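Read the figures in this text as sums done on the coordinates, not as results from a lab. Not measured: the values here are computed from a predicted model. Heads up, the Cβs are rebuilt from the backbone with ideal geometry, glycines too, and the neighbour counts pull from every protein chain shown.
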Amino acid sequence: MSETHTQPADPDAAASLAAKIASAPFVRLYAHADGDSLAAAGLIALALNERADPFQVHVSGDPDGDSANGTPDDDSLTLAVTTGQRTAADCGLPPASDSRPASVVAAAVSRELGVDPDPLLGLAGVIASGSLPGTDGSGALLETAEQAGLVERRAGIAVPTADIADGLAHSTLVDAPFSGDLEAAQTVLDDLGLPDETLEFDEDARTRVASALAVAVTTAETATPAAADHIETALRPYATPSGPFETLGGYADVLSVLAREQPGVAVSLALGATLSDAALATWREHATAAHRALSRAQTGRYEGVVVIRVETDRPAVLSTVARVAEQFRSPEAVVLVVTDSPIEGQRHAALAAGEPAGLETVAATVATEFSGRAGGTPTAGTIQVDGDVSNSELIAAVREALG
């Protein structure tokens with residue numbers, strides 16, 4: 001188990017936040033629509049539920065705006081669970097100067113509230129944040145999971161299903177030539193002479209699939225050198241025999257998708273509801289749409305940013321397209337994805353960066369210019385403006401805001 005030395009800026013911050021939460025008559029959680037924030041909100045909600053403290057969870061692309069517009073005039077505590085803006089909330093998680101994943105901080109707050117955090121949910125959030133289990137402060141969560149027999153490191157790939165062809169085709173943790181194409185993914189297994197279900201796989205078979213995936217991703221015509229680093233998240237997974245999905249990485253993938261597509265279902269899943277079949281159906285649809293949009297996109301490169309124009313009727317996939325493109329295809333620091341055509345009268349865009357780049361501020365600046373709406377974090381942003389705004393106008397405004 002590896003553990004980086006990332007530490008909270010204030011070692012007492014978790015205790016201080018827990019004290020505020022514990023003393024509140026009602027807690028309103030406003031989480032950003034990403035897997036890490038969702039897992040963090042789930043951990044706090046589970047702790048409150050265990051304590052029989054009343055709470056409400058809301059997940060959206062703009063939690064700061066929602067907390068400003070939706071908070072009633074009462075004594076409730078509003079908690080913004082996001083690494084983005086949270087000026088309208090009473091408290092923020094994680095603290096602004098804490099670089100750890102939100103799920104790691106939420107686990108610490110849960111312990112301060114007297115409730116042991118769900119290590120699988122916490123670790124799924126860590127992976128969704130872009131970190132690996134055991135790093136960025138998640139060592140205690142991983143140790144708990146290992147000691148309880150909840151996880152087992154093995155060869156293979158990090159997918160949520162036992163059907164490996166299904167996982168290869170629909171994972172949003174990778175960008176391979178067969179991504180989004182179930183028949184093509186099955187052909188990969190057939191060429192290896194392997195079945196498609198992990199229950200029939202031995203260690204050698206899992207290793208061969210992982211090697212085939214790594215080669216496919218890193219040698220793809222569109223791959224950048226960074227693809228070799230990002231594929232690590234999808235390899236040598238932690239199996240979760242008693243978890244809601246087959247692996248931690250697969251769990252993280254589903255959480256991230258549901259946070260964008262079906263926030264209500266996402267919250268229910270994080271709180272322990274048995275919704276695996278419905279969640280997987282959404283995951284497959286989202287992944288197929290995202291990979292299809294990326295494979296058919298028009299791409300332009302500018303200084304510091306790659307612009308991708310896509311045709312899709314699902315705005316929720318834009319953030320996934322942006323992240324996947326940034327990790328596996330982009331030679332620039334930032335990716336901007338815009339819709340070629342308006343969707344129900346609105347034009348949508350998404351931003352992604354591998355390192356903090358103030359993208360929530362960029363998105364907010366552009367949205368204000370066009371009287372639209374935005375949300376995001378330092379590494380991701382979403383923008384929604386009137387359909388009368390052309391994508392060229394939107395692209396120009398984003399480039400200007402990026403500086």
Per-peptide average of other Cβ atoms within 10 Å, ordering 19-32, 268-281 highest first
19-32, 268-281
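Do any GluC sites (Glu not before Pro) in the stretch 209-312 lie in a loop, going by DSSP, with at most 16 other beta-carbon atoms within 10 Å of their beta carbon, and if so which? Before the final figure, lay out the partial values.
Numbers: sites: 221, 232, 246, 261, 285, 303, 311; in loops: 221, 246, 303, 311.
Answer by residue number: 221, 303, 311.
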May I have the convex hull volume per residue, in Å³, for the Cα set of the chain?
129
Tell me the relative contact order for the chain as a rounded percent, counting alpha carbon contacts under 8 Å between residues six or more apart.
15
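For Cα pairs less than 8 Å apart in space and 6+ apart in sequence, what is the mean separation divided by the residue count of the stretch 285-355, i.e. the relative contact order in percent? Walk me through the numbers on the way to the answer.
Values: 128 pairs, mean separation 21.4, N = 71.
Taking the mean separation of contacting Cα pairs over the length of the stretch 285-355, I get 30 percent.
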For the stretch 118-236, just list the percent of Cα-Cα distances falling in each 5 Å bin from zero outward, please.
2, 11, 20, 22, 18, 14, 8, 3, 0
So, relative contact order of the stretch 203-349 in percent, Cα under 8 Å, 6 or more apart, is 18
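Count the net charge of all other residues whose Cβ sits under 12 Å from the Cβ of residue 106, scoring Lys and Arg as +1 and Asp and Glu as -1. Write down the numbers at each step before the final one.
Numbers: positive: 100, 111; negative: 36, 98, 112, 118.
Neighbour charge sum, excluding residue 106 itself: -2.
Net charge within 12 Å of residue 222 by Cβ-Cβ distance, Lys/Arg positive one each and Asp/Glu negative one each, not counting residue 222 itself? Before the final figure, lay out the partial values.
Values: positive: 329; negative: 175, 221.
Surrounding charge for residue 222 is -1.
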The stretch 311-358: trypsin sites (Lys or Arg not before Pro) in DSSP loop, at most 14 other beta carbons within 10 Å
none
P(r), alpha carbons of the stretch 160-292 - 5 Å bins starting at zero, rounded %
2, 10, 21, 24, 21, 14, 7, 2, 0
So what is the 222 nm mean residue ellipticity for the chain from helices alone, if each DSSP H run of at least 4 adds -39500 (n - 2.57) and you divide by all residues, rounding to the nearest 500 deg cm²/dmol?
-13500 deg cm²/dmol
Packing-wise, with mean Cβ within 10 Å as the measure, how do 117-124, 391-398, 157-164 rank, highest first?
117-124, 157-164, 391-398
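Using the alpha carbon gyration tensor of the stretch 296-402, what are the three equivalent-ellipsoid semi-axes (square root of 5 times each eigenvalue), largest first, in whole Å?
On the way: eigenvalues 66, 47, 29 Å².
Working from the Cα gyration tensor, I get semi-axes of 18, 15, 12 Å.
Using mean Cβ contacts within 10 Å as the protection proxy, how do 84-94, 105-115, 168-178, 182-192 order, highest first? Walk me through the intermediate numbers first.
Numbers: 84-94: 21.5, 105-115: 23.5, 168-178: 25.3, 182-192: 15.6.
Per-residue Cβ counts within 10 Å, averaged per peptide and sorted highest first, yield 168-178, 105-115, 84-94, 182-192.
Using only alpha carbon positions, build the gyration tensor of the stretch 1-135, then give the equivalent ellipsoid semi-axes as the square roots of 5 times its eigenvalues, largest first, whole angstrom. All intermediate terms of the calculation are to be shown ahead of the outcome.
Working: eigenvalues 99, 52, 36 Å².
Working through the eigenvalues yields semi-axes of 22, 16, 13 Å.
Over the stretch 360-402, what per residue volume does the convex hull of the Cα atoms give, in whole Å³? Walk me through the intermediate numbers first.
Numbers: hull volume 2.4 nm³, N = 43.
In the stretch 360-402, the Cα convex hull volume per residue is 56 Å³.
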P(r) over all Cα-Cα pairs of the stretch 63-196, 5 Å bins from 0 to the longest distance, whole percent per bin, short to long, reads 2, 9, 14, 15, 13, 13, 12, 10, 7, 4, 2, 1, 0
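Show me the helices of the chain, taken as full DSSP H stretches, that run 27 Å or more along their long axis by Cα and average -0.5 or above in Kyte-Doolittle hydropathy. Working shown, then result.
On the way: long enough: 276-295 (28 Å, -0.31).
Span-like helices here: 276-295.
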